[in-house]
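Comments concern the structure below.
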Amino acid sequence: MMKKICMTLLVVLGFPGLAAAHTFQGETGFLSGVFHPVLGFDHLLAMLSVGIVSAQMGGRAIWTVPLTFVTVMGLGGFLGMQGIPLPGVEYGIALSVLILGLAVARGKKIHTAAAHIGVAFFAVFHGHAHGAEMPAMASPLIFSIGFLLGTAAIHLAGVGVGLSASIIRNGAQTLRYVGAGIAGIGVYIIHILVKF
């Protein structure tokens, strides 16, 4: 299992352009919105981490933490669609990959209020990026529904990963390694941003 994880991380580090791939070519509506968070590797890792962290927390956090992210991301998307500037969007997204990866690697429950505040903070950046990169011909409502549903699906996948790790032998430890790998990718993305 660790060998597969390490190989995946090496492939990602070898192709940093994946972190900037946010669009689904040829589609300007619902599918473009759905695939925006899926094809943006930085978005994908952060959103998977939100789901995993919520599963690690357990209880109501399994659905309240992802719901907080999706709700605030919708507000950030509105800001991006309106052209309202938000300084440091790419840094905020990269930092979310780092911090959420560290939260997964920690492997312990996070205080509920801290989790909600943290994911809300990062969701603004993710949402703004989605809204600002909306294709010109897209319907804002249809595109928004797409990226919100795409995000929710990624969160559900993360919850599934987190819950599965709790029943698989050495699953919790493996999940900590995965979190460390995600955090490492966050550091790498920040490094790329700082270089340019």
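None of the figures in this text is laboratory data; all of them are computed from the coordinates on show. Not measured: the values here are computed from a predicted model. Heads up, the Cβs are rebuilt from the backbone with ideal geometry, glycines too, and the neighbour counts pull from every protein chain shown.
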Relative packing of 64-77, 118-131, which averages over residues the other C-beta atoms within 10 Å, highest first: 118-131, 64-77
Computed [θ] at 222 nm, deg cm²/dmol, the chain (DSSP H ≥ 4; -39,500 (n - 2.57); rounded to nearest 500): -26500 deg cm²/dmol
Three-way shape call for the range 58-146 based on the alpha-carbon gyration tensor, with the a/c threshold at 1.5: prolate
Neighbour-count ranking [beta-carbon atoms within 10 angstrom, fewest first] of HIS43, HIS116: HIS116, HIS43
FRET E, pair VAL187, PHE121, Förster distance 22 Å, beta-carbon r, rounded to 0.05: 0.70
Options TYR91, LEU156, ALA114, ranked by Cα towards positive dipole end of the range 30-195, top entry (Cβ charges): ALA114
